[in-house]
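The values are calculated or read from the model by the stated rules, or taken from the named source; none is laboratory data. Just so you know, these numbers come straight off a predicted model, no measurement behind them. Glycine also receives a Cβ, built like all others from the backbone with ideal geometry; neighbour counts cover every protein chain displayed.
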Amino acid sequence: SLSTPPAPAHDYGSLRISLVINSLCLFGLFLQSHALVKPLFHQQAISERLKAPEPR
(Lines give C-alpha, C1' and ligand atoms only; values in the text may rest on other atoms or scores of the structure.)
Protein backbone atom coordinates (compact mmCIF):
# COMPACT_ATOMS: atom_id res chain seq x y z
CA SER A 1 0.00 0.00 0.00
CA LEU A 2 1.35 3.41 -1.00
CA SER A 3 -0.69 5.44 1.50
CA THR A 4 1.14 4.17 4.61
CA PRO A 5 4.77 5.31 5.02
CA PRO A 6 7.41 2.70 5.91
CA ALA A 7 7.66 2.17 9.67
CA PRO A 8 11.45 2.65 10.13
CA ALA A 9 11.49 6.07 8.45
CA HIS A 10 8.48 7.23 10.46
CA ASP A 11 9.99 5.98 13.72
CA TYR A 12 13.27 7.66 12.90
CA GLY A 13 11.51 10.96 12.20
CA SER A 14 9.53 10.93 15.44
CA LEU A 15 12.64 9.84 17.36
CA ARG A 16 14.61 12.75 15.92
CA ILE A 17 11.83 15.18 16.79
CA SER A 18 11.66 13.92 20.38
CA LEU A 19 15.46 14.13 20.63
CA VAL A 20 15.37 17.74 19.43
CA ILE A 21 12.60 18.61 21.90
CA ASN A 22 14.48 16.92 24.74
CA SER A 23 17.70 18.74 23.96
CA LEU A 24 15.83 22.05 23.73
CA CYS A 25 14.22 21.41 27.12
CA LEU A 26 17.61 20.54 28.64
CA PHE A 27 19.13 23.66 27.13
CA GLY A 28 16.27 25.76 28.53
CA LEU A 29 16.75 24.25 31.97
CA PHE A 30 20.48 24.91 31.77
CA LEU A 31 19.86 28.54 30.80
CA GLN A 32 17.31 28.95 33.60
CA SER A 33 19.63 27.50 36.25
CA HIS A 34 22.50 29.61 34.91
CA ALA A 35 20.34 32.75 35.03
CA LEU A 36 19.37 31.90 38.62
CA VAL A 37 22.88 31.04 39.78
CA LYS A 38 24.75 33.94 38.19
CA PRO A 39 23.00 36.78 40.09
CA LEU A 40 23.48 34.88 43.36
CA PHE A 41 27.23 34.69 42.83
CA HIS A 42 27.25 38.31 41.72
CA GLN A 43 25.36 39.39 44.85
CA GLN A 44 27.72 37.36 47.03
CA ALA A 45 30.77 38.96 45.40
CA ILE A 46 29.31 42.45 45.91
CA SER A 47 28.57 41.79 49.61
CA GLU A 48 32.05 40.32 50.12
CA ARG A 49 33.59 43.40 48.51
CA LEU A 50 31.49 45.69 50.71
CA LYS A 51 32.44 43.77 53.86
CA ALA A 52 36.17 43.77 53.15
CA PRO A 53 37.81 47.19 53.61
CA GLU A 54 39.78 48.31 50.58
CA PRO A 55 43.55 48.36 51.22
CA ARG A 56 45.02 51.80 50.65
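Hey, does region 13-30 have a residue that's modelled with pLDDT under 80 and either assigned to a helix (DSSP H, G or I) or surrounded by 10 or more Cβ atoms within 10 Å (Cβ to Cβ) (or both)? Step through it out loud before you land on a result.
Taking region 13-30 first, the residues modelled with pLDDT under 80 are none.
Within region 13-30 (the criterion being modelled with pLDDT under 80 and either assigned to a helix (DSSP H, G or I) or surrounded by 10 or more Cβ atoms within 10 Å (Cβ to Cβ) (or both)), the answer is no, since none of the residues qualifies.
When the test is whether a residue is of a type in the set (A, V, I, L, M, F, W, C) and at pLDDT below 85, residue 50 passes it.
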